[in-house]
Amino acid sequence: MRILAIETSCDETSAAIVVNGTKLLSNIVASSVTLHGKTGGIVPEVAAREQVRYIIPVMKKALTSSIDAIAVTIGPGLIGSLLVGVETAKTLAYVWDKPIVPVNHLIGHIYANWVKQTTARTFPAIALVVSGGHTDLVLMKGHGRITWLGGTRDDAAGEAFDKIGRLLGLPYPGGPAIEKASERAPHPDGTGFTFPRPMIDSDDFDFSFSGLKTAVLREVKVRNLTMNHEPSTINDLAASVQQAVIDVLVAKTLKAAQKFNVKSILLSGGVAANETLREQLKSSIIDNTLSIKFFVPPKNLCSDNAAMIASAAFFNYHPIPWQRITADPELSFA
Ligand code: KG4
Ligand code: ZN
């Protein structure tokens, strides 16, 4: 089955065709991220306008073959951005008389782990979704059998990186900038500064990253860093922040994996492009001599793309009449 997917939840406009959930025929992504760099963050109205500008050129490029069904991200995301993809998908489903499948963006992120893959992902699995808007741990007993275990109580991991990046005077988005700065830090292992590991020992699967931002702000103020930018100090702050976030993500994911005795850990979301997170989560499984397989998508499929949406739709194939497809900015796992 060839599924054409459309993803427009935030600042990426993407269309893809995926065969049977794994074989990638096309995956076109246009991003307005550089535009948001100028404002240091996403202005929803600007993102929506860019979606309108990109959607037809992106669709034209992605449509390299005939298709059997359409999939579309219905949420969570920015309403103005979501509507562009949702209305485009509904129109095509009506005109071409094709089945249409609504997809939760967060479940889409998990399915980036299936795109272009041939080896089986074994269940049960723990999926950690770390993106700009979400940090969630879910238990997956099979396709469509997902239980939410916990998530962030305040800022998402990516959001924390973006806000702290801005505090440190780094370019937007903060995540990749913090990763780059960490590599140049005098203490790339994050030992330069001691930051809290919020909720690392709490008896649940929740996260909290907003306190970290306050701790960094305190350091910035104490050292008067905005007025006296010391690159090595900024880089050390970045490395210490990155390590604090990763320590919590790794600890909670491993705890969930052991509690539910899973066979796989699936990492996904924009923050999953972080090399240190990828390496440390993988090595923590080996260090703890757990017989758990670790999966993470190639970096270009960690950030928002339509291929993952097509894959999610294939493995959870529940088409509904196009008249009932509506954008839902607040959609969650629960
Ligand atoms: O999944 P995504 O592309 O969009 C959302 O659904 O939110 O995630 C974007 C987030 C941003 O917060 C960005 O700073 C973060 O992912 N990010 C990273 C890296 N690349 C992107 N965070 C840490 N390290 C990276 N290499
Ligand atoms: Zn996303």
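Given a Förster radius of 45 Å and the C-beta distance between Arg2 and Ser210 as r, what FRET efficiency does 1/(1 + (r/R0)^6) yield to the nearest 0.05?
0.55
Mind listing the phi-derived Karplus ³J(HN,Hα) values for the range 247-254, rounded to whole Hz, using 6.51, -1.76 and 1.60 with θ = phi - 60°, and x for any glycine or proline?
4, 5, 4, 5, 4, 5, 5, 5
Any idea what the dipole of the chain comes to, in debye rounded to 20, about its Cα centre with Lys/Arg Cβ at +1 and Asp/Glu Cβ at -1? Provide the component values of the computation, followed by the final result.
Details: 32 positive and 30 negative charges, 146 e Å.
Computed about the Cα centre, the dipole is about 700 debye.
Could you calculate the contour length gain from Ser65 to Asp203, that is, 0.36 nm times the residue separation minus the distance between their Cα atoms, to one decimal place in nm? List each step's numbers first, then the result.
Values: separation 138, 0.36 × 138 = 49.68 nm, distance 4.99 nm.
Extra length available between Ser65 and Asp203 comes to 44.7 nm.
When you count, for each residue, the other Cβ atoms within 10 Å and take the mean per peptide, how do 256-265, 1-10 rank with the highest first?
Highest mean packing first, the order is 1-10, 256-265.
Going by average Cβ neighbours within 10 Å, how do the peptides 201-209, 11-19, 233-241 rank, with the highest at the top?
On the way: 201-209: 16.7, 11-19: 26.3, 233-241: 24.8.
Ranked by mean Cβ neighbours within 10 Å, highest first: 11-19, 233-241, 201-209.
Taking N as the number of residues in the range 178-334, what is its Cα Rg relative to 2.2 N^0.38 Å?
Numbers: Rg = 19.0 Å, N = 157, 2.2 N^0.38 = 15.0 Å.
Output field value: 1.27.
Classify the range 96-208 as rounded, prolate or oblate, taking a ≥ b ≥ c as the square roots of the eigenvalues of its Cα gyration tensor: rounded when a/c is under 1.5, otherwise prolate if a/b is larger than b/c and oblate if not.
Details: a/c = 2.10, a/b = 1.66, b/c = 1.26.
Prolate.
With only Lys, Arg, Asp and Glu charged, each at its Cβ (+1 for the first two, -1 for the last two), find how big the charge dipole of the range 181-298 is about the Cα centre; round to the nearest 20 debye. Before the final figure, lay out each step's value.
Values: 13 positive and 13 negative charges, 48 e Å.
I would put it at about 220 debye.
How would you rank 279-292, 20-33, 155-168, highest first, on the average number of other Cβ atoms within 10 Å across their residues? Don't skip to the answer; put the middle values down first.
Numbers: 279-292: 13.8, 20-33: 17.9, 155-168: 24.0.
Highest to lowest by the protection proxy: 155-168, 20-33, 279-292.
Could you compute the FRET efficiency for Asp287 and Ile56, with r as their C-beta to C-beta distance and R0 at 51 Å, rounded to 0.05?
0.55
Specify the angular offset, from 0 to 90 degrees and rounded to the nearest 10, of the alpha carbon long axis of helix 210-222 from the longest principal axis of the alpha carbons in the chain.
40
Find the Rg to Rh ratio for the chain, where Rh is the Kirkwood radius over alpha-carbon pairs and Rg uses the same atoms.
Using only Cα positions, Rg/Rh for the chain is 0.98.
How many angstrom lie between the Cα centre of the range 124-201 and the Cα centre of the range 254-274?
When both Cα centres are located, 13 Å separates them.
Can you sort Arg121, Arg218 by how many other beta carbons sit within 10 Å, fewest first? Before the final figure, lay out each step's value.
Details: Arg121 19, Arg218 10.
By the 10 Å Cβ count, ascending, the order reads Arg218, Arg121.
Roughly how tilted is helix 79-96, in degrees to the nearest 10 and between 0 and 90, from the longest Cα axis of the chain?
20
Identify, among Gly165, Phe209, Ser26, the residue whose Cα sits farthest towards the positive end of the charge dipole of the chain, taking +1 on the Cβ of Lys and Arg and -1 on the Cβ of Asp and Glu, with the dipole about the Cα centre.
Ranked along the dipole, the leading option is Ser26.
How are the C-alpha pair distances of the range 231-277 spread across 5 Å bins, as whole percents from the shortest bin up?
Bins of 5 Å from zero give 4, 18, 22, 21, 16, 8, 6, 3, 1 percent of pairs.
Place a point 7 Å from Cα of Trp96 in the direction of its Cβ. Which residues in the range 296-329 have their backbone N less than 20 Å from it?
305-327
Please name whichever of Thr135, Thr39, Phe193 sits farthest to the positive end of the charge dipole of the chain, dipole taken about the Cα centre and charges placed at Cβ: Lys and Arg +1, Asp and Glu -1.
Ranked along the dipole, the leading option is Thr135.
Treat every Asp and Glu Cβ in the range 131-183 as -1 and every Lys and Arg Cβ as +1, leave all other atoms uncharged, and give the resulting dipole magnitude about the Cα centre to the nearest 20 debye. Display every interim value, and only then the final one.
Numbers: 6 positive and 7 negative charges, 42 e Å.
Using Cβ point charges on Lys, Arg, Asp and Glu, the range 131-183 gives about 200 debye.
Can you give the FRET efficiency to the nearest 0.05 for Ala120 and Leu217, using r as the Cβ-Cβ distance and R₀ = 45 Å?
My answer for the efficiency is 0.50.
Kindly express, to the nearest 10 degrees and within the range 0 to 90, the angle between helix 174-183's C-alpha long axis and the longest C-alpha principal axis of the chain.
Taking the Cα atoms of the chain, the angle to 174-183 is about 50 degrees.
Every read-out reported here was derived from the displayed coordinates using simple, explicitly stated rules and does not represent laboratory data. Quantities reported herein were computed from a predicted structural model and do not represent experimental measurements. Virtual Cβ from ideal backbone geometry, glycine too; neighbours counted across all protein chains shown.
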